[in-house]
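Participant: First, the structure itself, so that you have it in front of you.
The values are calculated or read from the model by the stated rules, or taken from the named source; none is laboratory data. This is a predicted model, so every value here is computed, not measured. As a convention, Cβ positions derive from the backbone with ideal geometry for all residues, glycine included, and neighbour counts pool all protein chains shown. For accessibility, only protein heavy atoms count, side chains too; no ligands or nucleic acids. Shrake-Rupley method; radii C 1.70, N 1.55, O 1.52, S 1.80 Å.
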Amino acid sequence: MANLFDKIYGCIAASRIGSSMGTLTEGWSVERITQVYGRVDGLADKPARYQAPVRRRAQAWSERFFWHYPEDRKAGETEDGIERQKLIAQAIIEKPGRITATDLAAVIARDVDEQRDFGYRMWVGDALLYPFVKAGVPANYVGMFSAWPGIVSFTRACHPIGLVNACNPEAAARDAWEVGMLYQPTWSTGLPTAAAFVAGLAEACKADATRDSVVAVVRQFCGEAVLPEIDVCLNVALKYNDPYEMRDEMNARYAGIPGDFGEELLAKGLAIFYVTAGNVKEAILGGVNFGRDTDCVTAIASGFSGALSGTATIPADWIERVDTAEKEAIHTVSHLSCRETAEGLYAAAVNELEKARQNIAALEASIAAA
């Protein structure tokens with residue numbers, strides 16, 4: 001059985017590995033994945049011929065806002081979602097403990113370098129929002145300027161919020177609503193999907209957590225607009241009980257619409273986690289071969305699995321390869337390894353536990369005095 005540190009470590013490592021491997025097939029159909037790779041079975045370089053086209057603008061001021069990757073992506077390199085995750089983790093580690101949108105904004109204003117980051121890993125949606133942060137717009141208002149309400153960008157990156165609130169799903173969900181206002185408007189599905197995701201991660205951190213208890217918590221916090229997607233995808237998953245067998249029917253439900261919205265990816269990620277029963281390696285492989293927005297769905301599925309099972313089912317060389325790539329990366333907001341990040345988040349979670357103990361002691365003393 002994994003202890004709390006190993007669950008936090010497993011969640012961070014799994015999400016980074018899954019995000020990196022998922023870039024091999026991001027935006028692809030199952031047919032194209034099969035044609036090019038057969039089945040992706042590990043981290044690998046992504047040749048330039050499979051990169052998304054670089055969108056260019058004549059004006060230098062405009063070009064920097066458009067997102068592209070370097071000509072060749074090396075095995076283990078992560079992407080925009082993990083850049084977002086790193087900023088959230090850094091704010092939690094520095095506090096150390098639960099954060100607000102304002103805490104995150106301070107880290108963004110300090111650590112995001114427009115010349116280094118915009119136009120490389122960082123997604124254009126972040127490149128459009130972070131200038132508002134740097135201009136001093138209150139953090140809780142910035143998400144109202146998002147051009148993509150409901151997109152998965154915050155949900156697939158907010159793992160640290162669930163981990164610092166380990167074993168406390170309700171607090172995790174509240175923090176997702178608070179911090180997420182920097183990325184999404186409150187009326188979109190972007191915040192309830194994030195709240196449900198981190199609540200599920202907090203549940204998975206419990207010593208007695210099961211895949212069923214995680215599903216129950218996600219359903220509890222996802223909200224009525226997202227719940228139907230959760231249930232539809234879980235019903236498909238139960239019918240096949242195999243991530244490869246269920247992908248065609250599940251993807252058909254979303255055919256013809258953009259593939260990067262939170263309700264679809266949370267539902268699919270939860271379903272992949274469920275049928276792979278918390279096995280991190282199988283959740284990662286199931287996600288990266290699933291089709292559509294593979295890096296995001298894998299970050300979600302593997303995040304659940306890592307928080308439940310820890311590192312036991314993650315190949316050690318996968319963690320080492322991601323850590324090496326991130327240490328060598330130029331266009332990143334942080335070079336902390338998976339373990340270093342986990343150590344900081346674990347310390348913050350323990351700090352929250354100590355504050356809870358003090359509050360309970362004060363409450364007990366107040367009751368006794370009465």
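Participant: Under 8 Å by Cβ, and 6 or more places apart or on different chains, what pairs join a residue from the stretch 189-209 that is over 22 Å from PRO228 (Cβ atoms) with one that is of a type in the set (Lys, Arg) and at pLDDT 95 or above?
Facilitator: Short answer, once both residue conditions are applied: ALA204/LYS7; CYS205/LYS7.
Participant: How many residues are touching a Pro at 6+ places or on another chain (Cβ under 8 Å) and polar (S, T, N, Q) when one looks only at the stretch 88-118?
Facilitator: 1
Participant: So, in the stretch 140-152, of the ones that are open to solvent by less than 10 Å² (accessible area, probe 1.4 Å) and within 17 Å of ILE108 (Cα to Cα), which residue ends up nearest to the chain's Cα centre (by Cα)?
Facilitator: Result: GLY143.
Participant: Can you pull out every residue in the stretch 208-244 that is surrounded by fewer than 22 Cβ atoms within 10 Å (Cβ to Cβ) and aromatic (Phe, Trp, Tyr)?
Facilitator: Hits for the stretch 208-244 are TYR240, TYR244.
Participant: Quick one: in the stretch 166-187, of everything that is open to solvent by 10 Å² or more (accessible area, probe 1.4 Å) and among the polar types (S, T, N, Q), which residue is farthest from ASN351 (Cα to Cα)? Give the derivation first.
Facilitator: If we filter the stretch 166-187 for residues that are open to solvent by 10 Å² or more (accessible area, probe 1.4 Å), which is where we start, we get 166-170, 174-175, 177-178, 181, 186-187.
Pick out the ones that are also among the polar types (S, T, N, Q) and you get 168, 186.
On the way: ASN168: 14, THR186: 29 Å.
Among those residues, the one meeting the criterion is THR186.
Participant: Turning to a different aspect of this structure: Go through the stretch 141-177 and count every residue that is among the β-branched types (Val, Ile, Thr) and farther than 16 Å from LEU265 by Cβ.
Facilitator: 3
Participant: So which residues in the stretch 310-328 are open to solvent by 20 Å² or more (accessible area, probe 1.4 Å) and part of a loop (DSSP other than H, G, I, E, B), if there are any at all?
Facilitator: Those that are open to solvent by 20 Å² or more (accessible area, probe 1.4 Å) and part of a loop (DSSP other than H, G, I, E, B): THR311, ALA312, THR313, PRO315.
Participant: Where in the stretch 1-95 are the helices (runs of 4 or more DSSP H), entirely inside, with at least 1 residues that are modelled with pLDDT of 60 or more?
Facilitator: Numbers: elements: 4-22, 30-37, 60-63, 80-94.
Filter on the stretch 1-95 gives 4-22, 30-37, 80-94.
Participant: Please count how many residues of the stretch 276-305 are in a helix (DSSP H, G or I) and either open to solvent by less than 20 Å² (accessible area, probe 1.4 Å) or touching a Lys or Arg at 6+ places or on another chain (Cβ under 9 Å) (or both).
Facilitator: Taking the stretch 276-305 as the starting set, the residues that turn out to be in a helix (DSSP H, G or I) are 280-288, 294-305.
Adding the requirement that they be either open to solvent by less than 20 Å² (accessible area, probe 1.4 Å) or touching a Lys or Arg at 6+ places or on another chain (Cβ under 9 Å) (or both) leaves 280, 283-288, 294-305.
So the count comes out to 19.
Participant: Could you please give the count of residues in the stretch 245-275 that are part of a helix (DSSP H, G or I) and open to solvent by 10 Å² or more (accessible area, probe 1.4 Å)? Spell out the reasoning first.
Facilitator: First, the residues of the stretch 245-275 that are part of a helix (DSSP H, G or I): 245-253, 262-275.
Right, trim to open to solvent by 10 Å² or more (accessible area, probe 1.4 Å) and you get 245, 247-249, 251-253, 263, 274-275.
Adding up the residues that qualify gives 10.
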